[in-house]
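Structure, as structure tokens:
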Amino acid sequence: MHSLRRDVTAWATESDDSEEEWTLKHSRRTESKWVRGDETVRCFRFDDGYVSTVEYESRGATWQLTPGQVPLSNALAMATLFLQHEVTPQIDPEGRPFVGVGDAGPRHVFEEIADEPVEYVYLDEHRTLEEFPPFLDVTDQLRLVYDRMSPERYRTLDDEQGSVG
């Protein structure tokens with residue numbers, strides 16, 4: 001496991017604008033954080049669910065990637081979409097996050113009829129990493145983050161160690 005942590009600490013982005021890679025700064029039970037320049041992507045526990053955000057320090061701005069509290073796998077799908085493709089999810093009238101996927105990959109669609117054929121993929125239908133859509137790479141780093149943050153994992157650990165109360 002030691003070599004796994006050393007080998008999976010950065011994701012390269014597909015952007016031509018930046019040669020920098022996303023670096024996983026930390027992954028804990030309640031929060032994981034990736035940093036690239038003045039950008040920070042966080043996935044964190046919030047009440048009974050998880051929220052993912054992207055923050056631009058130089059602009060003093062933070063955007064929520066999730067439409068509220070969602071299951072961990074959904075929050076990680078939305079964070080991964082941004083980390084790997086620099087695309088934020090769009091929200092449909094029912095409040096469900098989605099992305100248009102064309103030949104070049106995920107993208108925003110701002111008109112009722114897209115300028116190229118796209119498939120709309122919802123990002124709130126995944127219970128596990130194995131169910132992620134094919135345009136999201138499930139890396140060893142993502143598995144590490146999911147394992148650390150998974151409520152099933154720490155509920156099991158608490159049960160094994162014996163909970164007080």
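The values are calculated or read from the model by the stated rules, or taken from the named source; none is laboratory data. Quantities reported herein were computed from a predicted structural model and do not represent experimental measurements. Don't worry about glycine lacking a Cβ; one is built from the backbone with ideal geometry, like all the others, and counts go over all protein chains shown.
Brief remarks on what is shown
- Hits in the range 21-39 (condition: more than 22 Å from Val99 (Cα to Cα), in a strand (DSSP E or B) and not aliphatic (A, V, I, L, M)): Glu21, Thr23, Lys25, His26, Ser27, Glu31, Ser32, Lys33, Arg36
- If only residues of the range 30-60 that are out of contact with any Asp or Glu (no Cβ under 7 Å at 6 or more places or on another chain) and of a type in the set (Gly, Ala, Ser) are counted, the one that is nearest to Arg127 (Cα to Cα) is Gly49.
- The residue pairs whose first member lies in the range 123-134 and is farther than 17 Å from Gln69 by Cα, whose second member is part of a loop (DSSP other than H, G, I, E, B) and among the charged types (D, E, K, R), and whose beta carbons are closer than 8 Å, counting only pairs six or more residues apart or on different chains, are Glu131/Glu125.
- If you go through the range 36-93 and keep only what is of a type in the set (Gly, Ala, Ser) and touching a residue at least 24 places away in the same chain (Cβ under 8 Å), you end up with Gly49, Ser52, Gly68, Ser73, Ala75, Ala77, Ala79.
- Scanning the range 13-24 for residues that are at pLDDT 95 or above and either of a type outside the set (A, V, I, L, M, F, W, C) or farther than 26 Å from Glu152 by Cα (or both) yields Trp22, Thr23.
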